[in-house]
Amino acid sequence: NFCRLIVKNKLNYLFAILTSSGFMMLVNGQIPPNLDDNWKLNTTKSDEFNSTTLDNSKWDMLDPWNGVGYNWGGGQYFRPANVSVDGNNLQLKVEDIPWSDKYYSGGVHSVDHNYSYGYFEIRAKLPGFYNNGSPCGEGFWPAFWTYYVEHDVNGCRKVHDEIDILEPSGSQYADAKTNVCGWHDEHPDCNIDHIKIGEGTFTNSTPLFDNFHKYAVEWLPDRIIFYFDDQPFYFEYNHPKIVMKPQFVVIDQQIDGGLSVPYLNPNTPLPQYMSVDYFRYHELNYSYCGQNATILNNTQLNSFTYGVRQNIIIGNGSSSIFLLGGDNKTFRAINEITINGDFTVPLGSELNLVPTPCK
């Protein structure tokens, strides 16, 4: 059963592998960190929200009146009083304002714009309710996104980079089941607004306010991949306008100010909450980018130190290497991944070979 499989860096996804068990496995290059040991959780830049106060070394509360963020969305006024941490979750509260047709709401903004290529993820339960038996999220604009803005000496915006991981507008979220993602990468001038370059949509089978779900993006120099509950649903490879600048991170509960007043469905019970279990930021291990790796036997396979390599060779042409049932192994290399010899991937196991650039 001699096999020689070479995956080169010009490929953006992988091929079917016919194992000696006769099982055909089709693999692509979209593997979340919980299934890929090449990723490392950056705990310094992540937050489990397990305290009873917001970690102000990582986050500022949105407070436009004091220079933190803006009232994005337009149907709400952000204020710190609507942000809390209850020991398990970050809580962003939406409540009525008796003297206004708008609402109070909350959000958080990372202290630094030092989030670059990586895997960004929250686990969250979104607002919404059943209106006469039908799920309703009308007017709510839950958002998890990143951005970078740069102005020139005249105050004109010359750079606006943005990744929208969770951002269905009030009308898009009217069914309380739909997420809309995308990214902006436009360098405008004073007279031109930034433009959304790519956009994807995912509609769940059940309302997003019924349970917690994961919302994530994998952002690398050559790809942007959006996930819902660990499954990719929209991606682009080698797009000329994929965001490049390090980003701020924002988690906020907006209200769509573009809708007719009242912005929320009149039957909406208030207060409502966007509850966030955690924010996690993973980075690929780039420590070995200049190194090659050779795996000649199962001992080396099972003790492999994961990280993006220059080239990876598995086997020497006469070796017999195999995965165990239930194994899940992912290898990433810049140039080539070569399999030489008898390599067995039994039913119930998974082998992923992913061409990956270094940052």
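The numbers here are math on the coordinates, done by the rules we state, and not lab data. Predicted model only: the values in this text are computed from it and were never measured. Cβ coordinates were reconstructed from backbone atoms using ideal geometry, including for glycine residues, and neighbour counts include every protein chain displayed.
Remarks
- Cα gyration tensor shape for segment 272-353, rounded if a/c is under 1.5, else prolate or oblate: oblate
- Rounded to 5, percent antiparallel among DSSP beta bridges of the chain: 80 percent
- Residues whose amide H falls under 5 Å from that of ASN328, counting only those 5 or more places apart or on a different chain, are GLU350, with hydrogens built in the peptide plane.
- In a DSSP loop and with at most 13 other Cβ atoms within 10 Å, there are no chymotrypsin sites (Phe, Trp or Tyr not before Pro) in segment 247-341.
- Listed pairs LYS58/LYS125; LYS158/LYS214; LYS93/LYS177; LYS40/LYS359; LYS177/LYS241 exceeding 24 Å between Cα atoms: LYS158/LYS214; LYS177/LYS241
- Fraction of the pair-distance distribution of segment 200-332 above 18 Å, Cα-Cα pairs, percent: 74 percent
- Taking the square roots of 5 times each eigenvalue of the Cα gyration tensor of the chain, largest first, gives ellipsoid semi-axes of 42, 22, 18 Å.
- For segment 57-175, a Kirkwood radius taken over Cα pairs fed into Stokes-Einstein (10 °C, viscosity 1.306 mPa s) yields D = 98 µm²/s.
- Against the rule of thumb 2.2 N^0.38 Å, how large the Cα Rg of segment 81-147 comes out: 1.38
- Coil-residue GluC sites (Glu not before Pro) of segment 100-170, DSSP, other Cβ within 10 Å capped at 12: none
- The simple Förster model, with R0 at 22 Å and r as the Cβ-Cβ distance, assigns ASN267 and ILE97 a FRET efficiency of 0.75.
- One Cα centroid belongs to segment 275-349, the other to segment 54-127; the line between them spans 40 Å.
- Selected from PRO271, PRO98, PRO127 as most flexible by GNM, with the chain as the system and alpha-carbon contacts under 10 Å: PRO98
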